[in-house]
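J.: Please see the structure below; I have some questions.
Rule-based calculations on the coordinates, nothing more; no lab input. Note that this is a predicted model, so its numbers are computed, not measured. Neighbour counts are summed over all protein chains in view; Cβ atoms, including those assigned to glycine, are modelled from backbone coordinates with ideal geometry.
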Amino acid sequence: MPRYFVKLAYRGTAYHGWQVQENAHTVQAELNEKISLLCNEKVNVVGCGRTDTGVHAREFFLHFDLEKALPFSQKDFVFRLNRFLPRDIAIYGVWEVPSRAHARFDAVSRTYCYYILLEKDPFACQLAMPFAGRLNLEAMQRAAKYLMEYEDFTSFSKLHTQTVTNICHITEAGWKKKGNMLVFTITADRFLRNMVRAIVGTFVEIGKGKLQPDDMKIIIEAKDRQYAGFSAPAQGLFLEEVKYPFQLKLNKQKQ
């Protein structure tokens, strides 16, 4: 039974997140339907993560199994699937991988970016969090450094989830100003539900002066969601990059 990885991107505005849900339009459901039609057999795709309602992905990976090999070339598969899918989902590549390869469990890191729009912009307003006022970028940047000193991020986790552990290893966290945007970039081996949006909401409180940079340590050590800031809107959050072990990179290069 051959297994295939697919690289894609999507704009999450019209979807109730990645994961299949009853009576809801999701990215996973859209791909299950279209790949099944294309390959003439029932397919259930497995994603590299589970983005929430309205969250976007510039880079996303999934895998799926078939009873037989793809009925056409990899290049033709990409072309046909893009023709089937709506405009807000784009397929960039497909390649065959070992049967044990897993889009979710084999990922070694994920990078998210959150965008805050500092001035009125009709072209970016639906893909960033609009903010009217001033934010202290230096204070937000000082607070960001504390994230890499901790592993337990219970204070930024959505309540009542089925997550076994709230331990995450963050390797990058920081803010930059790009044009009319403030951009927060964070990389870790895994993320909790709503984690990045809760962190960003806390940063905004720091940027406004309602909290101090050192308060980030107090919030993390409290291990209590009520200590953190608000959950920033989903529209500003993008999954930017997913990294896999070296052998999967080799397969990707052969594509």
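J.: Helix 27-39 sits at what angle to the longest principal axis of the chain, using alpha carbons and giving 0 to 90 degrees rounded to 10?
T.: Once rounded, one gets 10 degrees.
J.: Now for a separate question. Could you identify which residue out of F184, F203, F77 has the top mean-square fluctuation in a GNM of the chain using Cα springs shorter than 10 Å?
T.: Fluctuation is largest for F77.
J.: Here's another thing I want to ask about it. Would you list which lysines come within 30 Å of K42, measuring only between C-alpha atoms, while excluding same-chain residues fewer than 8 positions from it?
T.: Output for K42: K7, K34, K68, K75, K243, K249, K252, K254.
J.: Mind giving me the nanometre distance, one decimal, between the label points for E151 and F84, set 7 Å out from Cα along Cα→Cβ?
T.: 4.3 nm
J.: Could I ask something else about it? Output the relative contact order of the range 1-80, whole-number percent, from Cα pairs under 8 angstrom with separation of 6+ residues.
T.: Averaging sequence separation for qualifying contacts and normalising by length gives 42 percent for the range 1-80.
J.: Another one. Using mean Cβ contacts within 10 Å as the protection proxy, how do 236-242, 94-100, 170-176 order, highest first?
T.: 236-242, 170-176, 94-100
J.: Net charge near P130: determine it from the other residues with C-beta under 11 Å of the C-beta of P130, scoring Lys and Arg +1 and Asp and Glu -1. Working shown, then result.
T.: Numbers: positive: K120; negative: E119, D121.
Charge balance near P130 sits at -1.
J.: Further question: Based on Cα positions only, what radius of gyration and what Dmax would you give for the range 204-248, in angstroms?
T.: My reading of the Cα-based Rg and Dmax gives 15.7, 47 Å.
J.: In a shell of Cβ-Cβ distance under 14 Å around A228, excluding A228 itself, what net charge do Lys and Arg (+1) and Asp and Glu (-1) give?
T.: Here the charged neighbours net out to +2.
J.: Points 7 angstrom from Cα along the Cβ direction at E172 and E119: gap in nanometres?
T.: It works out to 2.8 nm between the two label points.
J.: Return one number: the angle in degrees, 0 to 90 and rounded to the nearest 10, between the long axis of the Cα atoms of helix 195-207 and the longest principal axis of the Cα atoms of the chain.
T.: Helix 195-207 sits roughly 30 degrees off the main axis of the chain.
J.: Now a separate question. Here are some pairs, K178/K210; K120/K208; K120/K145; which of them have Cα atoms lying more than 28 Å apart in this structure? Before the final figure, lay out the partial values.
T.: Details: K178/K210 24 Å; K120/K208 19 Å; K120/K145 30 Å.
Beyond 28 Å between Cα atoms: K120/K145.
J.: What's the local net charge at E241, with K and R +1, D and E -1, over the other residues with C-beta under 10 Å away?
T.: On the way: positive: R58, R110, K243; negative: E59, E240.
Summing Lys and Arg as +1 and Asp and Glu as -1 gives +1.
J.: Remind me, relative contact order of the range 109-255 in percent, using alpha carbon pairs under 8 angstrom and six or more residues apart?
T.: It comes to 36 percent, rounded to a whole number.
J.: Straight-line reach only, C-alpha to C-alpha below 16 angstrom: list the lysines that K158 could link to, leaving out same-chain residues fewer than 8 apart.
T.: K223
J.: With axes computed from alpha carbons, what is the tilt in degrees of helix 74-84 against the longest principal axis of the chain, rounded to the nearest 10 within 0 to 90?
T.: Result, in degrees: 70.
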